[in-house]
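S.K.: Mind having a look at this structure? Questions to follow.
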Amino acid sequence: MSNNKKRSTILIFDSGIGGLSIYTELRKSMPNAHYIYLFDNKMFPYGDKSSEFLIDRVNHLIKTVTKSYAIDLAVIACNTASTICLPSLRSQFTFPIVGVVPAIKPASKLTKNGSIGLLATKATIRRAYTSELIAQFATNCKVELLGLSELALIAEDKLQGIPVDMVELKRLMQPWLMLPTIPDTIVLGCTHYPFIKDELQLIFPQATFIDSGVAIAKRVSNLLTLNNQLDDQLSEPNIILSTQYNKYVERIAKKLKDYNFLKYQRITDVDV
Ligand code: DGL
């Protein structure tokens, strides 16, 4: 590989820490890419925000980042944002924008009992994009939908070291536990949920869980040419950006270092 190939800068965006589940997969296949992770903690959670608000907000935030950093590709590592913001983002920016949307298609191929479950934010469950995915790819099975506001928060808490309340989690899963046919394949349609997959697996021991991380990493590496020989010593550190600096960011700072994000900045050039 030639030495003058530039290291690609990948922007990952989410409302919170959910996008780290996508980042983990990206980093496995592209360890030497330059990562900038932006999270809109000021407006978290996105699951209860209107479509209009999210379109404006996400476009504005990505634009703000591009004023300071040359981005080669952006991953909207948030199903809630991707299912509504992709067309406007793609019309505004020239670099590729990869969205993360519920993995309905692979789930429909895996189910044995003909019932798949989609676990996502309330907003993702309501989107036309989601109904279209189901109509297009899940004609062979029944799709059970469960839209919840609490799960992303439970995942954020877990990252801060707060253990998951299993009684509460089981209560939230009641609608599915009461079904005559419990889904044997569950789509984690929010990037926060892989962080609580082990706990969900305890509640649904027979189920296979599917998230979009590996597929997104494949798609991104196909889109980029990376110089994997790059000397890390000469490289810019991976950067975390957020819209608010608060106790939460303080608490997860050490975790973010473990993820190899060595620099933090609050976005200031935005009315947050
Ligand atoms: N991580 C986000 C998603 O994939 C949403 C969490 C939220 O802000 O409600 O949908």
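The values are calculated or read from the model by the stated rules, or taken from the named source; none is laboratory data. Fair warning: this is a prediction, and the values are worked out from it, not measured in the lab. Please note: Cβ atoms are built from the backbone with ideal geometry, for glycine as well, and neighbour counts cover all protein chains shown. These accessible areas exclude ligands, DNA and RNA; they are computed on the full protein's heavy atoms, side chains included. Shrake-Rupley method; radii C 1.70, N 1.55, O 1.52, S 1.80 Å.
S.K.: If I compute solvent accessible area with a 1.4 Å probe over the protein chains, what percent of it on the chain is carbon and sulfur? Present the calculation step by step, with values, prior to reporting the outcome.
M.R.: On the way: 6590 of 12550 Å².
Result for the chain: 53 percent of the exposed heavy-atom area is carbon or sulfur.
S.K.: Report, to the nearest 10°, how far helix 20-29 tilts away from the longest principal axis of the Cα atoms in the chain, using its own Cα long axis and a range of 0 to 90°.
M.R.: Relative to the chain, helix 20-29 is tipped by roughly 60 degrees.
S.K.: For the stretch 97-198, which trypsin sites (Lys or Arg not before Pro) are in a loop by DSSP, counting at most 13 other Cβ atoms within 10 Å? Intermediate values should be presented prior to the final figure.
M.R.: Values: sites: 109, 112, 122, 126, 127, 142, 158, 170, 171, 197; in loops: 112, 127.
Counting only loop positions with at most 13 other Cβ atoms within 10 Å, the trypsin sites (Lys or Arg not before Pro) in the stretch 97-198 are 112.
S.K.: Need one word for the stretch 122-236: rounded, prolate or oblate. Basis is the Cα gyration tensor (sqrt eigenvalues a ≥ b ≥ c); a/c below 1.5 gives rounded, then a/b vs b/c decides. Please list the in-between numbers first.
M.R.: Details: a/c = 2.39, a/b = 1.44, b/c = 1.67.
Cα axes put the stretch 122-236 in the oblate bin.
S.K.: Can you give the FRET efficiency for residue 170 and residue 56, using 1/(1 + (r/R0)^6), R0 = 45 Å, r = Cβ-Cβ distance, to the nearest 0.05?
M.R.: Details: r = 37 Å, r/R0 = 0.83.
After rounding, the FRET efficiency stands at 0.75.
S.K.: Right, something else. On full extension of the chain, what length is gained from residue 254 through residue 128, given 0.36 nm per residue of separation minus the C-alpha to C-alpha distance?
M.R.: 41.5 nm
S.K.: Right, next: For the stretch 63-155, treating each Cα as an identical point scatterer without solvent, what Debye log10 I(q)/I(0) comes out at q = 0.11, 0.15, 0.18, 0.25 1/Å?
M.R.: Here the Debye-derived log intensity ratios amount to -0.40, -0.68, -0.87, -1.24.
S.K.: Starting from the Kirkwood radius over alpha-carbon pairs of the chain, derive D by Stokes-Einstein at 20 °C in a medium of 1.002 mPa s and give it in µm² s⁻¹. List each step's numbers first, then the result.
M.R.: Values: Rh = 19.2 Å.
For these conditions, the coefficient is 112 µm²/s.
S.K.: Something else: Residues in the stretch 66-101, backbone N under 18 Å from the label point at residue 109 (7 Å along the Cα-to-beta-carbon vector): list them, ranges by number please.
M.R.: 101
S.K.: Would you kindly state how much longer the chain becomes between residue 92 and residue 48 on full extension, computed as 0.36 nm times their sequence separation minus their alpha carbon distance, in nm to one decimal?
M.R.: Numbers: separation 44, 0.36 × 44 = 15.84 nm, distance 2.49 nm.
Once the chain is fully extended between residue 92 and residue 48, it gains 13.4 nm.
S.K.: Less than 20 Å apart at the alpha-carbon level, and either on another chain or at least 8 residues along: which lysines does that give for residue 247?
M.R.: Within the straight-line cut-off, residue 247 pairs with 42, 158, 255, 257, 263.
S.K.: In straight Cα distance, which aspartates and glutamates are under 16 Å from residue 67, not counting same-chain residues fewer than 8 positions off?
M.R.: 269, 271
S.K.: State the Cα centre-to-centre distance between the stretch 195-225 and the stretch 17-74 in whole Å.
M.R.: 18 Å
S.K.: Still on this structure: For labels at residue 202 and residue 247 in the simple 7 Å Cα→Cβ model, what's the distance in nm?
M.R.: 2.6 nm
S.K.: Let me ask you something else. Any chance you could tell me what percent of the C-alpha pair distances in the stretch 139-197 go past 12 Å? Walk me through the intermediate numbers first.
M.R.: Working: 1204 of 1711 pairs.
The answer is 70 percent, as a whole percent.
S.K.: OK, next. Taking the Cα-to-Cβ direction at residue 63 and at residue 224 and moving 7 Å from each Cα, how far apart do the two end points lie in nm?
M.R.: Here the modelled spin labels are 2.5 nm apart.
S.K.: Please list, in order along the stretch 63-73, the HN-Hα scalar couplings obtained from phi with the Karplus expression 6.51 cos²θ - 1.76 cosθ + 1.60 (θ = phi - 60°), rounded to whole Hz, x for Gly and Pro.
M.R.: Going residue by residue, I get 4, 4, 5, 5, 6, 9, 9, 7, 9, 8, 6 Hz, with x marking Gly and Pro.
S.K.: Grab the Cα-Cα distance for residue 28 and residue 6, subtract it from 0.36 nm times how many residues apart they are, and report the gain in nm with one decimal.
M.R.: Computed gain between residue 28 and residue 6 is 6.0 nm.
S.K.: If the cut-off is a Cα-Cα distance under 30 Å, which lysines reach residue 109, setting aside same-chain residues fewer than 8 apart in sequence?
M.R.: Hits, sequence-local ones excluded: 28, 122, 142, 170, 197, 218.
S.K.: Shifting gears a bit: Using the heavy atoms of the protein chains and a 1.4 angstrom probe, tell me the accessible area per residue for the stretch 112-270 in square angstrom.
M.R.: For the stretch 112-270, the per-residue accessible area is 52 Å².
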